[in-house]
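The values are calculated or read from the model by the stated rules, or taken from the named source; none is laboratory data. Predicted model only: the values in this text are computed from it and were never measured. Cβ sites come from the backbone with ideal geometry, for glycine too, and all protein chains shown count toward neighbours.
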Amino acid sequence: MRACHLLPAVTLVAAAALAASSRDALRKTSEALEELSLKVSPSVVKVLVTQYGPIGDDSHQNTGLIGRQHAIGSGVIVDPSGYIVTNAHVVEGAIEVRIVLAPLPGSGENASSPGPARTRILKAKIAGVDKETDLAVLKVDAEGLPALEIGDYRKLRQGQLVLAFGSPQGLEDSMSMGVISSVMRQPDPDKPRVYIQTDAAVNPGNSGGPLVDLDGTVVGINTFILSESGGSEGLNFAIPSVVVRFVYQEIRAHGHVRRPRIGVNVQAISSTLAAGLGLKREWGLIVSDMSPDGPAGKAGLQVGDILVSLDGAPVANLPGFETALFGRPHGNPVAIEVLRGSQKLSFTVPVVEEAESQFDDLAELVNPDKSLVRGLGILGVEITHEIAGMIEDLRVESGVIVAARAADATQETELKTGDVIHALNGAKIDSLEGLRAAVGRFKPGDAVALQIERDGILMFVAFELE
């Protein structure tokens, strides 16, 4: 009889021990997440953007008027000297960018002493933008900032725990947790760009913020969500760290992205395409076009070749092909194996740089001492007959072309690289010296109206001189 009474007691003790063990495990998990948050949060910033955009009325209808607007995004510090990565669409059209840094240690709600957090707001310059990947690099004048390491994309696995940081709906220093739903998601089948898909809660304002792993390294940059409601539905997409690292390094070193290319266009093989062309396989990639004078053409590749591998690694889809080339140093050759009919062939193809735009060559003509137009905050190049021949569809073959924004520019304008300045307040501009002299006659507060040419269209850019 005593044994019968002892069984429930033993069971209760075991249950209590199990519950205590479970609580300990949960407590350790909670403490680990708190520790991770303390590591990551200081490196996450709120991005405040002032831009021009359409103004609506009380019924939210577009009035046709243009005015100043304010937008909010997120970013992550990737270098202690003040370099920050965010989304290109966050700073698109920006006339001013400010960065809200995390509160200083020992202040705010986590401090032992009461009082408001000592928030720091710094003006940021746009070091470079890459619209194709939707990434931008910002620079603030600061040193010793807490920075996060950009992680290794190859180590990501489906089901891995990740955390999204940022400022959803403007609520800075927010964190959400989820798992990686897919390490290589291609939302648009016609575009090679791939993303990390996660179910971590992300909302407007999170754009540009980091997606981190449990070590606190950046595995992606949150960029968009698929949502019918406009809010989080567990379909968050982040730019993979392999792309983030490449774009960041290119912009920091060159001011723009030098894309690696081998001079071919490839497309996915469908069953219909395979049947129509009599191909040996119904999957993979086929060379659909190539530059006759490009590296691949010179190496011996042909239209119709089926791609088998790059550097010995199988390449089954377009994202895989783009990703394999993306992080490759310029000039390094790639070993390509193709299937031509029933024959396997191998080629060594050098990887070359794709020109960013027709204005890239102008960078070689810029002399920081002679090209600076300080009043406009630009580096300009006077259009000569030779330079006019470099620019397609130039309507007026005179003026000053904006080659770059000056690194220390204080004047905020809407001028962009490639704009051609033809007139200032109605007076024709024929030379760099003429533009510099005309701007020098103005004083702070004066109105300036530039007639410019952008993408073959004449327009006016107006602002008050600071």
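Contact map, the stretch 271-291: residues that are within 15 Å of Val338 (Cβ to Cβ) paired with residues that are in a loop (DSSP other than H, G, I, E, B) and of a type in the set (Asp, Glu), Cβ distance under 7 Å, separation 6+ or inter-chain. Pairs shown: Val287/Asp305. Of the residues Arg436, Arg454, the single one that is within 30 Å of Val140 (Cβ to Cβ) and free of Cβ contacts under 8 Å to residues at least 60 places away in the same chain is Arg454. Taking every residue in the stretch 181-193 that is buried (at least 16 other Cβ atoms within 10 Å of the Cβ) and pairing it with any residue that is at pLDDT below 75 and β-branched (Val, Ile, Thr), at least 6 positions away or on another chain, yields no pair with a Cβ-Cβ distance below 7 Å. What number of residues in the stretch 201-216 are without any contact (Cβ under 8 Å) to a residue 40 or more places away in the chain and more than 10 Å from Phe165 (Cα to Cα)? Result for the stretch 201-216: 2. Here is a check on your reading of the model: is Gln51 closer than 27 Å to Val78 by Cα and either modelled with pLDDT under 85 or in contact with a helix residue (DSSP H, G or I) (Cβ under 6 Å, 6 or more places away or on another chain) (or both)? Spelling it out, Gln51 is indeed closer than 27 Å to Val78 by Cα and either modelled with pLDDT under 85 or in contact with a helix residue (DSSP H, G or I) (Cβ under 6 Å, 6 or more places away or on another chain) (or both).
With the requirement that a residue be over 18 Å from the mean Cα position of the chain (by Cα) and in a loop (DSSP other than H, G, I, E, B), what does the stretch 179-221 give you? If the condition is that a residue be over 18 Å from the mean Cα position of the chain (by Cα) and in a loop (DSSP other than H, G, I, E, B), then Pro189, Asp190, Asp199, Ala200, Ala201, Asp213, Leu214, Asp215, Gly216 are the ones that fit. Within the stretch 426-438, being in contact with a strand residue (DSSP E or B) (Cβ under 6 Å, 6 or more places away or on another chain), under 13 Å from Leu376 (Cβ atoms) and of a type outside the set (D, E, K, R) holds for Ile429, Leu432, Leu435, Ala438.
Can you tell me which of (1) touching a helix residue (DSSP H, G or I) at 6+ places or on another chain (Cβ under 7 Å); (2) modelled with pLDDT under 90 is the one Gly230 doesn't meet? Answer for Gly230: the failing condition is (1). When Ile421, Ile457 are checked against the criterion of being surrounded by 13 or more Cβ atoms within 10 Å (Cβ to Cβ), under 22 Å from Gln51 (Cβ atoms) and under 36 Å from the mean Cα position of the chain (by Cα), Ile421 stands alone in meeting it. Evaluating Ser176 against the criteria (1) in a loop (DSSP other than H, G, I, E, B); (2) more than 24 Å from Gly82 (Cβ to Cβ) leaves one unmet condition, (1). For the stretch 274-306, the tally of residues that are among the charged types (D, E, K, R) and closer than 12 Å to Ile262 by Cβ stands at 1.
Output the residue which, of all residues in the stretch 442-466 that are touching a Ser or Thr at 6+ places or on another chain (Cβ under 7 Å) and not in a loop (DSSP other than H, G, I, E, B), is farthest from Arg395 (Cα to Cα). Taking the candidates together, the pick is Phe463. With respect to (1) assigned to a loop (DSSP other than H, G, I, E, B); (2) over 19 Å from Ile457 (Cβ atoms); (3) modelled with pLDDT of 75 or more, the lone exception for Glu356 is condition (3). The set of residues in the stretch 134-179 being touching a Gly at 6+ places or on another chain (Cβ under 8 Å) and at positive phi consists of Gly166, Gln169, Gly170.
Would the stretch 109-123 turn up any residue that is at pLDDT 90 or above, under 25 Å from Glu250 (Cβ atoms) and either crowded, with 18+ Cβ neighbours inside 10 Å or outside the structural domain of Leu214 (by TED's automatic domain parsing) (or both)? Yes.
All of Phe246, Phe237, Phe224 fail the test of being at negative phi, touching a Pro at 6+ places or on another chain (Cβ under 7 Å) and either in the same structural domain as Leu161 (by TED's automatic domain parsing) or not in a loop (DSSP other than H, G, I, E, B) (or both), apart from Phe237.
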